[in-house]
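Worksheet for the structure shown next.
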């Protein structure tokens, strides 16, 4: 599979904290890559580097290169909002807008200049179908997004990300606040979405990484310890620290 995201010698500092240390990693297109490791190891920091969300944190300094589809996203020529349209993100807790279900999904397309109701209707239906939510909400689209269950709200947030036609979907502990049934639905959905999108997910749940990802990257103290096909990462880890982590000896 093709490497769609190419990270070379990435270092990130939050003021005096060296949070990412010489990260070099290739992430494949149309596949699911899972980042695992204990809290504070750098996995979410790297995830946020892929759509430049760390830019919002005062005192952040970044060195190195992150290329998506061959384009350096830290180039001065990059328009941040265009980048974030291409690289969608779903957070740990569902964060729907205080609007209707319909308006949550239509928000991004409207922001990018789409005004036609017919076009918006098409995008909303397509996105909700892609997020496996359409059949549950098609008759209540004008209802508040907050009327949905937590799992439905998270799928709505995924639909909102898909509505602007991204290339990449970042998921930062996207099932951490959900019950097992909702988690299973999101995992099933992610497996379907990888046919159309490059997906990078941060998870503390090693069983989840083993179930859904194609490749797994293990982080420790701001460094990559090991990156491998998921089946080998959990059955035949090459580094003793990886073996200790996946077997639950620390973390």
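Once R0 is set to 22 Å, what does the formula 1/(1 + (r/R0)^6) return for the Cβ-Cβ distance between residue 121 and residue 149, expressed as a FRET efficiency to the nearest 0.05?
Values: r = 24 Å, r/R0 = 1.10.
Calculated value: 0.35.
Could you calculate, for segment 140-201, the ratio of the Cα radius of gyration to the Kirkwood radius, expressed as Rg to Rh?
Over the Cα atoms of segment 140-201, Rg/Rh equals 0.96.
Would you mind calculating the relative contact order of segment 136-251 from Cα pairs under 8 angstrom and at least 6 residues apart, reporting the percent as a whole number?
It rounds to 17 percent for segment 136-251.
May I ask you to derive the FRET efficiency for residue 112 and residue 92 from their Cβ-Cβ distance with R0 = 22 Å, giving the value to the nearest 0.05?
Numbers: r = 26 Å, r/R0 = 1.18.
The formula returns an efficiency of 0.25 here.
Quickly work out the residue 39-to-residue 79 label distance, labels modelled 7 Å from Cα along the C-beta direction, and quote it in nm with one decimal.
The modelled label-to-label distance comes out at 4.0 nm.
Roughly what angle does helix 117-130 make with the longest principal axis of the chain, taking Cα atoms, 0 to 90 degrees, to the nearest 10?
Between the helix axis and the principal axis of the chain, the angle is about 50 degrees.
For residue 196 and residue 72 in the same chain, what is the full-extension length gain: residue separation times 0.36 nm, less their Cα-Cα distance, in nm? Don't jump to the answer; show the numbers that get you there.
On the way: separation 124, 0.36 × 124 = 44.64 nm, distance 2.23 nm.
Full extension of this stretch gives 42.4 nm more.
Explain nothing, just the number: relative contact order of segment 183-251, from Cα pairs under 8 Å at least 6 residues apart, as a whole percent. Each step should come with its number before you reach the end.
Values: 49 pairs, mean separation 13.4, N = 69.
Averaging sequence separation for qualifying contacts and normalising by length gives 19 percent for segment 183-251.
For the chain, calculate the relative contact order in percent as a whole number, restricting contacts to Cα pairs under 8 Å that are 6 or more residues apart.
Relative CO of the chain lands at 27 percent.
As a footprinting exposure proxy, order 140, 164, 87 by other Cβ within 10 Å, with the fewest listed first.
On the way: 140 13, 164 19, 87 22.
By the 10 Å Cβ count, ascending: 140, 164, 87.
How big, on average over all directions, is the shadow cast by the Cα convex hull of segment 165-213, in nm²? Could the numbers behind the result be given before it?
Details: hull surface 13.2 nm².
Result: a mean projected hull area of 3.3 nm².
What's the angle, to the nearest 10 degrees (0 to 90), between helix 101-111's Cα axis and the longest principal axis of the chain?
Tilt of helix 101-111: around 70 degrees.
Under the Kirkwood approximation for Rh and a Cα-based Rg, what ratio Rg/Rh is obtained for the chain? Walk me through the numbers on the way to the answer.
Values: Rg = 18.3 Å, Rh = 18.8 Å.
Taking Rg over the Kirkwood Rh, I get 0.97.
Roughly speaking, what is the centre-to-centre gap between segment 136-179 and segment 1-67 when only Cα atoms are used, to the nearest Å?
The two parts, judged by their Cα centres, are 25 Å apart.
Arranged from highest to lowest average of other beta-carbon atoms within 10 Å per residue, in what order do the peptides 17-25, 196-204 appear? Numbers along the way, then the final one.
Values: 17-25: 17.2, 196-204: 21.8.
Most protected by this proxy first, the peptides run 196-204, 17-25.
What's the FRET efficiency of residue 55 with residue 135 using the Cβ-Cβ distance as r and R₀ = 35 Å, to the nearest 0.05?
On the way: r = 38 Å, r/R0 = 1.10.
Plugging the Cβ-Cβ distance into 1/(1 + (r/R0)^6) gives 0.35.
Work out how far the C-alpha atoms of segment 91-168 reach from end to end along every principal axis, then list the three figures in whole Å, largest first.
Its Cα atoms span 29, 29, 21 Å along the three principal axes.
Restricting to the chain, what percent of DSSP beta bridges are antiparallel, rounded to 5? Spell out each step's value before the answer.
Working: 25 of 42 bridges.
So the antiparallel bridges amount to about 60 percent of the total.
Laboratory data are not the source of any read-out in this text; all were calculated from the coordinates shown. Owing to the predicted nature of the structure, the values given are computational and were not obtained by experimental measurement. Glycine also receives a Cβ, built like all others from the backbone with ideal geometry; neighbour counts cover every protein chain displayed.
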